[in-house]
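Notes follow the structure.
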Amino acid sequence: MAIERDCYGPNVPLTDLSNGFHDVEQRRRVQRVIHDRLADDRDPQECRFLMRFWWQLAMPYREVSMDELRLNVGESKLAVIEALISAVRSSHADIDAWISTTQKALPVIQDRGFTTAQDKDS
């Protein structure tokens, strides 16, 4: 496992990710999955770093590092992010497979605050 972690080490920048997508639509699909299935605002710290990563997928500069993700994102979500990074650096087909697998494995996060506000209005 140490060899696998080395490719996500603290000195490996994530600034190359914006160039790894087939097109803008593929990147947007990935960003939707991160937003809808990973970034839960009930954990503000984790959500903040996942959304910084979300932004970095479209930008060629550093928003977040692997060290920051490791420190602020839970183990199961971090594994999903690491799988995405691997897919982006591998092939467009791997990115599509990541999207499909992640959508099947993780439910859409429900915003409880929004739901509560709607219930009060009813």
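The values are calculated or read from the model by the stated rules, or taken from the named source; none is laboratory data. Small disclaimer: the values here were computed from a predicted structure and weren't measured. Ligands, DNA and RNA are excluded from the accessible area calculation, which covers all protein heavy atoms including side chains. Shrake-Rupley method; radii C 1.70, N 1.55, O 1.52, S 1.80 Å.
Before moving on, here are some points about what is shown:
- The stretch 44-74 and the stretch 89-103 have Cα centres spaced 19 Å apart.
- Nonpolar atom fraction for the stretch 11-63, defined as the carbon and sulfur part of the 1.4 Å probe accessible area, stands at 51 percent.
- For the stretch 15-88, the fraction of C-alpha pairs farther apart than 17 angstrom is 36 percent.
- Segment Glu25-Glu75, extension gain: residue separation times 0.36 nm, minus the distance between their alpha carbons: 15.2 nm
- Accessible area in the full protein assembly, largest first, 1.4 Å probe, for Trp98, Trp55: Trp55, Trp98
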